[in-house]
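What follows is one structure encoded as structure tokens, with my remarks underneath.
Coordinate-derived values only; no laboratory data. Since this is a predicted model, take the numbers as computed values, not measurements. Counting neighbours? That spans all protein chains shown, and the Cβs are built from the backbone with ideal geometry, glycine included.
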Amino acid sequence: MIYLVLFFEFFKIGLFAIGGGLVTVPFLFDLAEVYPWFDAKDLADMIAVSESTPGPLGVNMATYSGFRAAGVAGALAATFGLVLPSVVVIMMLSKLLKKFRDNPMVCSVLYGIRPAVIALILFAGAEVAKLAVTDWETAGLFVVFFAAIHFYKRSPIFYIIVSAALGIALKLGQ
Amino acid sequence: MKQLWDLFAVFFKIGLFTFGGGYAMLPLLQDELVRRRRWATDEELMDYYSIGQCTPGIIAINVATFIGCKQKGKLGGGISTLGMVMPSLIIIMLAASVLERYMHNPYLGYAFAGIRIAVTALILDTLIGLWKKGIEDKKGIVIFLCCALLLLFFNLSAVWIVLLAALSGLACRFCPLRFKRKDGEK
């Protein structure tokens, strides 16, 4: 029963892949070796498509792999398997956090991890920046976008749509 | 019922405009959840990210479940996650079956080169806002610098960074440094 296999394999990935979507990639290469669903070369294309379509990368990869392996039901089985461990663990933690929010131990842990998460976001941003800002033109656009975002505070969706249109108009990244 | 629908709709919208990993989603979350709807504070968002960083599963889903649970309990958590994955399910299936040959279209590449610039600028702007709220004092700056150095030179996994920072948070509040200061006051 391929759907159960897909569900189980992606449940495992959801349980052991800790962190961002890219950490699921090595697990997918393992799947490519064990099952006939897709090979390593397909996987490279699948990553490219997942990165250039809306939605979190990890979810896109699971949906794509499931779809490749067994169509629509396969996509659903893989995606459901991927998110189930997260949902269960976070539901339990959420209750605990609500209960112990004012506990001094919990407060000091949170006090310590907030600066860490800022450092992590900074590094994730730097990774995107390396791909985004490649020459003077893109650097100039970056400054303009940053100024606009900082001073006008419109919805991020507005800037994303404008940037896509500008990218096409200026043929960026050619 | 209305609230559940809102949760679904908000996360559907966020899923639809997230390009990349969980961090690319942060500016959208901050705008929708903190600024517009006041469902969470900046501080809570940071907590969810760091906890999501060291628990099973990908961050985007962990944060969606957290917010949903906070608003409407377990059902809310499930509905938010469903909203978050729905755009992926629809679009990837379309991309895989119909659009695969258009994926090499140069215009898509141009659009993404543009989107990456906006996403970088959005993340930077979000960071500036979070800096003021996440780093309370000089000890916070030291923790930040240590984490940044560990990331830069040792390429340490995010799980370890968060765990080490949690320990230093505990140490800052409960360590003998405090007694020293008291001694000084005498």
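Temperature 4 °C, viscosity 1.567 mPa s: under these conditions the Stokes-Einstein estimate for the protein assembly as shown, based on its Kirkwood radius over C-alpha pairs, is 62 µm² per second. Panel note: the C-alpha atoms of segment B:8-52, placed on their principal axes, show extents of 24, 22, 16 Å (largest first).
When the alpha carbon gyration tensor of segment B:104-154 is reduced to an equivalent ellipsoid, its three semi-axes come out at 34, 15, 5 angstrom, largest first. The slack in the chain from residue B:2 to residue B:97, taken as 0.36 nm per residue of separation less the alpha-carbon distance, amounts to 30.8 nm.
With only Cα atoms counted, segment B:1-122 has Rg and Dmax values of 15.3, 45 Å.
Rg/Rh for segment B:47-89 stands at 0.97; both radii use Cα atoms, and Rh follows the Kirkwood definition. Counting beta carbons within 10 Å around each of A:50, B:80, A:155 and listing the fewest first gives the order A:155, A:50, B:80. Placing one identical point scatterer on every Cα of chain A and ignoring solvent, what is log10 I(q)/I(0) from the Debye formula at q = 0.08, 0.14, 0.19 Å⁻¹? Treating every Cα as an identical point scatterer, log10 I(q)/I(0) equals -0.38, -0.99, -1.18. Taken over segment A:2-100, the alpha-carbon convex hull comes to 96 cubic angstrom per residue. Convex hull volume of the C-alpha atoms in segment A:80-143, normalised per residue: 139 Å³.
From its DSSP helices (H runs of at least four residues, each -39,500 (n - 2.57)), the protein assembly as shown gives a residue-normalised ellipticity at 222 nm of -26000 deg cm²/dmol. On the basis of the beta-carbon distance and an R0 of 22 Å, residue A:96 and residue B:38 show a calculated FRET efficiency of 0.40.
Shown for segment A:104-170 is the translational diffusion coefficient from the Stokes-Einstein equation, using the Kirkwood radius over Cα pairs, a temperature of 20 °C and a viscosity of 1.002 mPa s: 150 µm²/s. Candidate membrane-span-like segments in chain A, meaning DSSP H helices with Cα atoms spread over at least 27 Å of their own axis and a Kyte-Doolittle mean of 0.0 or above, are A:57-100, A:104-132, with no membrane implied. Sort out for me the Cα centre separation of segment A:81-130 from segment A:53-77, rounded to whole Å. Taking the Cα centre of each part, segment A:81-130 and segment A:53-77 sit 26 Å apart.
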